[in-house]
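Chemist: This structure is in structure tokens; I'll ask about it shortly.
Computed from the coordinates by the stated procedures, all read-outs in this text should not be read as laboratory data. A quick note: this is a predicted structure, and the numbers were derived from the prediction, not measured. Neighbour counts are summed over all protein chains in view; Cβ atoms, including those assigned to glycine, are modelled from backbone coordinates with ideal geometry.
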């Protein structure tokens, strides 16, 4: 697993890990003492051909390989379900192996369908789906998804759920949370900070501790039509969003905007970028276009900054903007370009992730909700002051946070395609002390905000007001 196709900028494994893990080590002192802890990821053999489990395990293995260097995956030899057959991948184990190699060409990875007792003591175990939990310890964690719900519980207390098809974002979110639990245990968080029993329904962001309670909600969509989307920012969250959307049948058209090339440190957080991308220094927009193109999605590329292209984009007749860049106070400027529906996602320099939606004329805008460049987003602006002691602030320093935020954006795209929207337009979670709650808040349009008032202008109808979601702004 040590071969990459481009000329390698890393003389050895140590050089690769030094570059890749730099930002995570800022958050987690002495990370190197934990990255070699043996990890095992087990897939429920009785449901391994289920699309939900396949999505969850692909994400969990991909994200875990971006920090752990000693991983064993126990997975049956089954074929990939249709939407997950990417490139030459035909079997589930083949896709898992390829993505883990892409994340870390130097890792000690083993993928097989038969369990062998670990040669090392006390491996950290994650179970995707319950299956046969004989031999599981009280420390092992299980994640699963059903419908719009993501479910987690310690293995010794697991209660079997009704297996129903989950949305692709819910399955991806389950995989990301599973990877997060492994990470928290590996770095030595005390058990009181681990994930406990939870049921997170992403339909309405209702959060409970009853894994058996599956609310009555619409059936999970099998595909999504995003419409004509602007993705401004193909960094940690943006690239994770593209990856998650690629886990289901996808139609639409994308315009992707970014100024950067893939660096080694990006591999720590993005499930889309590969070591080969970093070695070649490919543009993030090029990687995004290649991936979306493989899904049959027409993609336009804009290399450069938001300031260079914002005026022309405001006239482009897009259906929604996914705004993931805040360079030069971009979030404060977005409403003045008279956009259609705006979605955003972000992470904090600690353990938080968030999502926001902005429907012109009905909801607040990014100018009145989001901070200015000197402050870092940490959830709804009403929750308190922003800690700015760390400069410059880090936006995605932990391996799983960007995928959590991206899964929330992808969930909202599903709902918009269905003609509905979440009751809350600001969602935030904090993983530092485990997933204790989901904060869902609604912010209406602010008549005192200049950005919100822009949507009331007649000119807005000629720009953002012609999108497929314009009816959401109607009185």
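Chemist: For the Cα atoms of the chain, what angle does the longest principal axis make with the long axis of helix 236-245, in degrees from 0 to 90, nearest 10?
Modeler: The two axes meet at around 80 degrees.
Chemist: Same structure, new question: Among rounded, prolate and oblate, which fits the range 177-327 when a ≥ b ≥ c are the square roots of the eigenvalues of its C-alpha gyration tensor, a/c under 1.5 means rounded, and a/b larger than b/c means prolate? Present the calculation step by step, with values, prior to reporting the outcome.
Modeler: Numbers: a/c = 2.16, a/b = 1.40, b/c = 1.55.
Oblate.
Chemist: Where the centroid of each part is defined by its Cα atoms, how far is the range 440-475 from the range 69-92 in Å?
Modeler: Measuring centre to centre over Cα atoms gives 44 Å.
Chemist: Using a basic spin-label model with each label point 7 Å from the Cα along Cα→Cβ, how many nm lie between residue 121 and residue 300?
Modeler: It works out to 6.1 nm between the two label points.
Chemist: What's the angle, to the nearest 10 degrees (0 to 90), between helix 168-186's Cα axis and the longest principal axis of the chain?
Modeler: 60
Chemist: While we're looking at this one, here's another question. Quick check: from the Cα gyration tensor, does the range 61-130 come out rounded (a/c under 1.5), prolate or oblate?
Modeler: Oblate, since a/c reaches 1.5 and b/c is not below a/b.
Chemist: In addition: Could you order the peptides 401-413, 92-104 from most to least packed, using the average number of other C-beta atoms within 10 Å per residue?
Modeler: Values: 401-413: 28.4, 92-104: 22.1.
Per-residue mean Cβ counts within 10 Å order the peptides as 401-413, 92-104.
Chemist: Rounded to the nearest 500, what is the chain's calculated 222 nm mean residue ellipticity when only DSSP H runs of at least 4 contribute -39500 (n - 2.57) each, over all residues?
Modeler: Values: 14 runs with 130 residues, N = 475.
Helices in the chain give a 222 nm mean residue ellipticity of -8000 deg cm²/dmol.
Chemist: At a threshold of 8 angstrom on Cα-Cα distance, excluding pairs fewer than six apart, so keeping six or more, what relative contact order does the chain reach in percent?
Modeler: Worked out over the chain, it gives 15 percent.
Chemist: Please arrange 435, 257, 230 by counting, for each residue, the other beta carbons lying within 10 Å of its beta carbon, fewest first.
Modeler: Final ranking by Cβ density, sparse to dense: 435, 230, 257.
Chemist: Additional query: If r is the Cβ-Cβ distance from residue 192 to residue 12 and R0 is 35 Å, what FRET efficiency results, to the nearest 0.05?
Modeler: 0.35
Chemist: Relative to the longest principal axis of the C-alpha atoms of the chain, give the angle of the C-alpha long axis of helix 51-64, reported between 0 and 90° and rounded to the nearest 10°.
Modeler: 80
Chemist: Run the simple label-point estimate for residue 471 and residue 216 please: 7 Å along Cα→C-beta, distance reported in nm.
Modeler: Distance between the two pseudo-spin positions: 2.5 nm.
Chemist: Based on the alpha-carbon gyration tensor of the chain and its eigenvalue square roots a ≥ b ≥ c, which shape applies: rounded if a/c is under 1.5, prolate if not and a/b is larger than b/c, or oblate? Walk me through the numbers on the way to the answer.
Modeler: Numbers: a/c = 1.60, a/b = 1.42, b/c = 1.13.
Prolate, because a/c is 1.5 or more and a/b exceeds b/c.
Chemist: Can I ask one more? How much length is gained if the chain between residue 459 and residue 33 is pulled fully straight, taking 0.36 nm per residue apart and subtracting their Cα-Cα distance, in nm to one decimal?
Modeler: Additional length available on full extension: 147.6 nm.
Chemist: Sticking with this structure for a sec: Given all pairs of different Cα atoms, what value in angstroms does the Kirkwood hydrodynamic radius of the range 224-473 take?
Modeler: Numbers: mean 1/r = 0.0554 Å⁻¹.
It is 18.1 Å.
Chemist: At a 10 Å Cβ-Cβ cut-off, how would you order 184, 289, 471, 466, fewest neighbours first?
Modeler: Taking fewest neighbouring Cβ atoms as first place, the list is 471, 466, 289, 184.
Chemist: How big is the range 24-208 along each principal axis, measuring the range of its Cα positions in Å and listing the largest first?
Modeler: Result for the range 24-208: principal-axis Cα extents of 40, 40, 33 Å.
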